[in-house]
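Asker: Structure in structure tokens, see below.
The values are calculated or read from the model by the stated rules, or taken from the named source; none is laboratory data. Values in this document were obtained by computation on a predicted structure and should not be read as measured data. Don't worry about glycine lacking a Cβ; one is built from the backbone with ideal geometry, like all the others, and counts go over all protein chains shown.
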Amino acid sequence: MTSTLETVSVASASRAPRPPRRRRRLGAERRRAAYLMLAPSVIHLIWWIGLPVVATFGLAFTDYDIIAGTVEWAGLDNFRQIFADDIWNLSIWHTVVFTFFTVPVAMAIAVVIAVLLNQRIKALAWYRAAFFMPHITATVAIALVWMWMFEPNLGLFNLLLGWIGVNGPAWLSDPDWAMPAVILVSIWKGIGLKMLIYLAALQNIPHDLYEAANLDGASGPRKFFAITLPLLKPATFFVFIVSMIDAFQVFDQVYVLTPDGGPANSTTVMTYEIYRTAFGEFDISAACAQSVVLFAFLLVLTVIGRRLTGKDGDEA
Amino acid sequence: MTRTRGSRTRAVTMVLVAALLATACGGPAGTTEGDDQASGTIRLLTPIFEGADGKTVLEEQLDAFKEEYPDITVEVDYTSYGKLNEKLTTSIAGGRPYDVMLMGVGWIPPFAAKGALAELDENQQELAERYNERVVEPGIYQGKVYGLPIMLDTRFGLYRKDIFAEAGIAAPPSNFAELREIGRQLTVRDARGKLTRAGVDILSNDLRQTFLPLMWANGGELWTSDGQPAFNSPEAVGALQLMADIILTDKSEDFGFTQPGATGLPLAQGRAAMMVGHNNHLLAIEEQAPELIEEDKIGFFMISNERPAMFQGGTLATVSAKSQRPAAAKALVSFLTDEQASLAANEQRGNVPALNSLSDSDYVQRNPAAQFAMANLDAAYSEGGVPAWLEIRGDFKAAIESVLLGQKDPQQALDELVAKAQAAIAKG
């Protein structure tokens with residue numbers, strides 16, 4: 001590499017300067033340097049992300065026996081198998097329900113909190129830290145604390161309900177209440193990051209817009225809906241996509257709060273089914289097919305999200 | 001342009017092939033020539049020496065092993081039963097399986113059938129002298145010994161003698177009718193109807209492992225003689241109906257009354273009068289309410305109806321068929337299953353020793369649950385038995401729950417379960 005660079009350098013010096021070609025050479029040198037510097041991350045991406053992704057797609061069309069170590073072509077058999085499985089189909093529905101309730105609700109709450117925390121109030125940093133804390137706390141630890149709160153006999157929720165004469169449900173063991181309980185925990189945990197992104201976006205909104213609105217006599221809600229929300233559109237797109245991907249990949253809190261898919265599979269979600277198929281049933285190929293379906297869902301939702309909320313170019 | 005497209009196609013094809021090869025490079029678990037010398041470094045995967053205490057116990061035993069076999073070094077990977085499958089599959093797929101793997105009763109047929117386990121050089125007649133026949137069976141697949149038992153996890157009935165005495169009940173239930181009757185009698189609810197004491201707790205134990213001993217006690221079997229699922233037989237349906245009756249008809253326990261992981265054991269707290277439980281629940285009671293053991297307030301009973309039955313799980317030591325050091329691995333298996341090491345393992349988990357000779361040990365004499373289990377091993381039954389068991393067993397919980405929630409009747413739930421099991425067996 002060094003000798004090539006030297007050769008190029010000597011050759012350049014011996015000729016009369018010709019700016020366009022020199023620019024091209026300079027560009028080639030820069031490209032080489034860029035490739036060199038990018039190489040570690042590219043190798044990392046190919047090895048740790050690219051190959052597993054390709055393998056997942058490949059194995060989804062095979063019958064791979066992980067214990068015996070045999071691989072046979074299976075065509076679409078794995079896809080037929082998973083879509084004939086009621087529990088997998090149920091897990092897709094649960095994932096959609098979970099996403100539907102966690103993403104918009106958490107986003108709405110996060111916007112309101114971000115607006116409130118964008119005011120000049122006392123102990124602002126403490127409030128911001130408090131709302132962000134659930135995001136940086138280990139999900140398993142959070143889930144364990146909530147598990148105690150949901151405990152039917154001695155837990156906080158039923159204790160409070162008992163004071164007003166209500167026999168609370170067995171939150172995590174009742175198929176009607178298990179999913180709402182998991183959604184509640186997930187909304188609470190997800191607000192922090194969304195709030196932070198919205199807060200950053202709010203601080204980029206030019207203040208003179210609000211001053212102009214004040215001069216026009218606009219009310220608070222009017223300013224919020226006419227200025228704040230439209231200018232938060234790029235942030236909303238980002239939060240929406242990231243939250244949706246997160247929601248479709250939910251695993252930790254569901255797994256800890258309601259092990260084994262919850263009562264009568266009432267909280268089983270796609271990621272848990274992938275895990276169960278791979279490591280409970282040792283059916284790696286079917287698990288790969290399920291992963292491909294999950295990927296397809298995320299791809300479609302991301303495209304729809306872009307159409308609905310705007311393109312990358314709009315945001316800066 | 002054409003050339004570039006061709007290069008890209010070739011590159012993509014190469015990546016695809018490389019990825020598939022990289023993923024599937026574990027290869028079949030064939031036999032290895034290995035060495036005949038008990039030496040070298042071997043890897044052990046264990047799900048039974050959990051936490052700092054478990055690690056200390058195993059390290060003490062491995063120090064003793066090192067004295068006996070100075071040329072063998074053991075590298076240990078500690079895990080739990082919850083993570084065991086991940087460790088096993090990824091190690092096999094990665095082409096570097098553990099030399100010695102400790103695994104549960106239901107794991108032997110699936111792994112042995114696919115050639116992942118090495119046959120152990122054990123004489124079955126000698127084994128019959130060292131162990132109860134029921135204890136040896138789960139380690140045998142198609143007449144060959146693949147696993148030696150270290151410890152047993154048994155499930156049977158536990159009851160509070162003090163609560164029974166207060167109600168004037170002289171003995172624990174000896175059949176299903178008595179179980180229901182006593183359960184109803186000992187159930188307590190407050191003025192608002194909230195359950196404060198379950199007459200019989202069938203939810204604190206794993207649901208499958210509660211259902212199976214009930215099924216066996218009712219005369220049912222997991223498999224027919226030709227290896228087909230039999231857990232939708234009238235006996236099995238009767239056992240599941242009993243569970244449904246306890247929850248839905250007698251209301252001796254409410255679904256969700258116990259929440260494993262969040263609260264202690266209801267029996268220890270006086271929130272249950274009896275339960276289908278695990279032998280090591282005695283250890284939990286010792287921690288939560290030691291006075292119950294000191295004052296002899298905990299009793300045990302076999303689950304009985306057509307016959308007495310006890311669920312017998314356990315941990316067995318196996319050797320990988322791909323081990324490069326089979327002699328060293330087998331030496332470690334022999335060591336871990338001998339009296340000293342297995343006694344230490346059982347003591348730290350509150351489990352039941354597999355070796356007959358340990359029935360007189362101080363540990364067993366001090367542990368009434370272990371004593372009870374060892375005295376009743378002739379009525380012990382094990383799950384597993386077919387290579388597809390690990391795929392089948394995961395479906396039991398949801399099927400049982402659907403009955404306990406009144407969503408399905410027992411026959412329907414078990415018929416659907418059997419259909420899934422047949423599909424799993426057919427898939428191979």
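Asker: Report, by residue number, each residue of region B:322-334 that is among the hydrophobic types (A, V, I, L, M, F, W, C) and either over 21 Å from the mean Cα position of the chain (by Cα) or modelled with pLDDT under 95 (or both). Write out each step before concluding.
Answerer: Of the residues in region B:322-334, the ones among the hydrophobic types (A, V, I, L, M, F, W, C) are B:327-329, B:331-333.
If the condition is that a residue be among the hydrophobic types (A, V, I, L, M, F, W, C) and either over 21 Å from the mean Cα position of the chain (by Cα) or modelled with pLDDT under 95 (or both), then B:ALA327, B:ALA328, B:ALA329, B:ALA331, B:LEU332 are the ones that fit.
Asker: Would you check which residues across region B:254-287 are within 14 Å of chain A (Cβ to nearest Cβ) and surrounded by fewer than 19 Cβ atoms within 10 Å (Cβ to Cβ) and list them?
Answerer: B:PRO260, B:GLY261, B:GLY264, B:GLN269, B:GLY270
Asker: Between B:PRO97, B:PRO149, which is surrounded by 23 or more Cβ atoms within 10 Å (Cβ to Cβ), away from chain A (no Cβ under 13 Å) and not in a helix (DSSP H, G or I)?
Answerer: Details: B:PRO97 fails: away from chain A (no Cβ under 13 Å).
Exactly one of B:PRO97, B:PRO149 is surrounded by 23 or more Cβ atoms within 10 Å (Cβ to Cβ), away from chain A (no Cβ under 13 Å) and not in a helix (DSSP H, G or I), namely B:PRO149.
Asker: When the residues of region B:100-112 are filtered to those that are touching a strand residue (DSSP E or B) at 6+ places or on another chain (Cβ under 7 Å) and more than 10 Å from B:THR318 (Cβ to Cβ), which remaining residue is nearest to the other protein chains (Cβ to nearest Cβ)? Steps first, answer last, please.
Answerer: First, the residues of region B:100-112 that are touching a strand residue (DSSP E or B) at 6+ places or on another chain (Cβ under 7 Å): B:100-105, B:108-109, B:111-112.
After this cut, where a residue has to be more than 10 Å from B:THR318 (Cβ to Cβ) as well, the list is B:104-105, B:109.
Numbers: B:GLY104: 13, B:VAL105: 16, B:PRO109: 11 Å.
Going through the qualifying residues, I end up with B:PRO109.
Asker: Let me ask another. Restricting to region B:279-316, what's the tally of residues that are in a helix (DSSP H, G or I) and not β-branched (Val, Ile, Thr)?
Answerer: Qualifying residue count for the region: 11.
Asker: Could you figure out which of (1) within 11 Å of another protein chain (Cβ to nearest Cβ); (2) part of a helix (DSSP H, G or I); (3) not charged (D, E, K, R) isn't true of A:PHE157?
Answerer: The failed condition is (1).
Asker: Please go through region B:216-234 and give me each residue that is surrounded by 17 or more Cβ atoms within 10 Å (Cβ to Cβ) and not in a loop (DSSP other than H, G, I, E, B), ordered by number.
Answerer: B:TRP216, B:ALA217, B:PRO229
Asker: State which residue is surrounded by the fewest Cβ atoms within 10 Å (Cβ to Cβ) when the search covers only region B:384-407 and only residues that are at the interface with another protein chain (Cβ under 9 Å from one of its Cβ atoms) and over 26 Å from B:ASN85 (Cβ atoms).
Answerer: Here the residue is B:GLN407.
Asker: Restricting the search to region A:215-224, which residues are surrounded by 12 or more Cβ atoms within 10 Å (Cβ to Cβ) and assigned to a helix (DSSP H, G or I)? If you could, list the steps in order and put the result at the bottom.
Answerer: We begin by selecting, within region A:215-224, every residue surrounded by 12 or more Cβ atoms within 10 Å (Cβ to Cβ); these are A:218, A:222-224.
Listed by number, the residues that qualify are A:ARG222, A:LYS223, A:PHE224.
Asker: Do we find that A:GLY190 is more than 30 Å from B:ASP190 (Cβ to Cβ) and either of a type outside the set (Phe, Trp, Tyr) or within 27 Å of the chain's Cα centre (by Cα) (or both) in this structure? Let's see the steps before the verdict.
Answerer: Working: more than 30 Å from B:ASP190 (Cβ to Cβ): yes; either of a type outside the set (Phe, Trp, Tyr) or within 27 Å of the chain's Cα centre (by Cα) (or both): yes.
Yes.
Asker: From the list A:HIS94, A:HIS135, A:HIS207, pick out the single residue that is out of contact with any helix residue (DSSP H, G or I) (no Cβ under 8 Å at 6 or more places or on another chain) and farther than 30 Å from B:ALA272 by Cα. Talk me through it step by step, then tell me what you get.
Answerer: Values: A:HIS94 fails: out of contact with any helix residue (DSSP H, G or I) (no Cβ under 8 Å at 6 or more places or on another chain); A:HIS135 fails: out of contact with any helix residue (DSSP H, G or I) (no Cβ under 8 Å at 6 or more places or on another chain).
Step by step, each of A:HIS94, A:HIS135, A:HIS207 is checked, and only A:HIS207 is out of contact with any helix residue (DSSP H, G or I) (no Cβ under 8 Å at 6 or more places or on another chain) and farther than 30 Å from B:ALA272 by Cα.
Asker: Sticking with this one: Starting from region A:163-184, take each residue that is more than 9 Å from chain B (Cβ to nearest Cβ) and over 20 Å from A:THR99 (Cα atoms) and list its partners that are surrounded by fewer than 20 Cβ atoms within 10 Å (Cβ to Cβ) and among the hydrophobic types (A, V, I, L, M, F, W, C), counting only C-beta distances under 8 angstrom and pairs at least six apart or across chains.
Answerer: Qualifying pairs under 8 Å: A:GLY168/A:PHE157; A:GLY168/A:LEU161.
Asker: Next question, about the same structure. Pull out all pairs, ordered by first then second residue, where Cβ-Cβ is under 9 Å, the residues are six or more apart or on different chains, the first lies in region B:304-315 and is more than 18 Å from B:ARG393 (Cβ to Cβ), and the second is assigned to a strand (DSSP E or B) and polar (S, T, N, Q).
Answerer: If the second residue must be assigned to a strand (DSSP E or B) and polar (S, T, N, Q), the pairs left are B:MET310/B:THR154.
Asker: Still on this model: Being buried (at least 18 other Cβ atoms within 10 Å of the Cβ), within 18 Å of the chain's Cα centre (by Cα) and closer than 27 Å to B:THR89 by Cβ narrows it down to one residue among A:VAL256, A:VAL250, A:VAL239; which is it? Steps first, answer last, please.
Answerer: Numbers: A:VAL256 fails: within 18 Å of the chain's Cα centre (by Cα); A:VAL239 fails: closer than 27 Å to B:THR89 by Cβ.
None of the other options fit; the residue is A:VAL250.
Asker: Working carefully through the options A:ILE142, A:ILE136, find the one that is buried (at least 20 other Cβ atoms within 10 Å of the Cβ) and at pLDDT below 90. Spell out how you get there, then give the answer.
Answerer: Numbers: A:ILE136 fails: buried (at least 20 other Cβ atoms within 10 Å of the Cβ).
Of A:ILE142, A:ILE136, the one residue that is buried (at least 20 other Cβ atoms within 10 Å of the Cβ) and at pLDDT below 90 is A:ILE142.
Asker: A further question follows. Select from region B:235-253 the residues that are part of a loop (DSSP other than H, G, I, E, B) and surrounded by fewer than 22 Cβ atoms within 10 Å (Cβ to Cβ) and write down the one among them that is nearest to the other protein chains (Cβ to nearest Cβ). Don't jump to the end; show me each part of the working.
Answerer: First, pick out the residues of region B:235-253 that are part of a loop (DSSP other than H, G, I, E, B): B:250-253.
Still in the list and also surrounded by fewer than 22 Cβ atoms within 10 Å (Cβ to Cβ): B:250-251.
Details: B:ASP250: 18, B:LYS251: 14 Å.
Across region B:235-253, the extreme among qualifying residues is B:LYS251.
Asker: Same structure, new question: Going by the conditions given, is B:THR187 surrounded by fewer than 22 Cβ atoms within 10 Å (Cβ to Cβ) and hydroxyl-bearing (Ser, Thr, Tyr)?
Answerer: Yes.
Asker: Being touching a Lys or Arg at 6+ places or on another chain (Cβ under 8 Å) and more than 30 Å from A:TYR272 (Cα to Cα) is the filter here, so list the residues in region A:227-248 that pass it.
Answerer: Those that are touching a Lys or Arg at 6+ places or on another chain (Cβ under 8 Å) and more than 30 Å from A:TYR272 (Cα to Cα): none in region A:227-248.
Asker: Moving on. From the list A:PHE282, A:PHE237, which residue is at pLDDT below 90, in contact with a helix residue (DSSP H, G or I) (Cβ under 8 Å, 6 or more places away or on another chain) and not in a helix (DSSP H, G or I)?
Answerer: Numbers: A:PHE237 fails: not in a helix (DSSP H, G or I).
The unique qualifying residue is A:PHE282.
Conditions (1) in contact with a Ser or Thr (Cβ under 9 Å, 6 or more places away or on another chain); (2) farther than 26 Å from B:GLN269 by Cα, marked per residue:
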site: B:LEU120; (1), (2): yes, yes
site: B:LEU127; (1), (2): no, yes
site: B:GLN142; (1), (2): no, yes
site: B:VAL145; (1), (2): no, yes
site: B:LEU148; (1), (2): yes, yes
site: B:MET151; (1), (2): yes, yes
site: B:ARG155; (1), (2): yes, no
site: B:LYS161; (1), (2): no, no
site: B:GLU166; (1), (2): no, no
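Asker: Report those helices (runs of 4 or more DSSP H) wholly inside region A:39-129 carrying at least 3 residues which are of a type in the set (Gly, Ala, Ser) and surrounded by 13 or more Cβ atoms within 10 Å (Cβ to Cβ).
Answerer: Numbers: elements: A:51-59, A:77-83, A:86-116.
Hits in region A:39-129: A:86-116.
Asker: Kindly indicate the residue of region A:61-82 that is under 28 Å from B:SER320 (Cβ atoms) and among the small types (Gly, Ala, Ser) and also farthest from the other protein chains (Cβ to nearest Cβ) among those meeting that condition.
Answerer: Looking at the filtered set, the residue picked out is A:ALA74.
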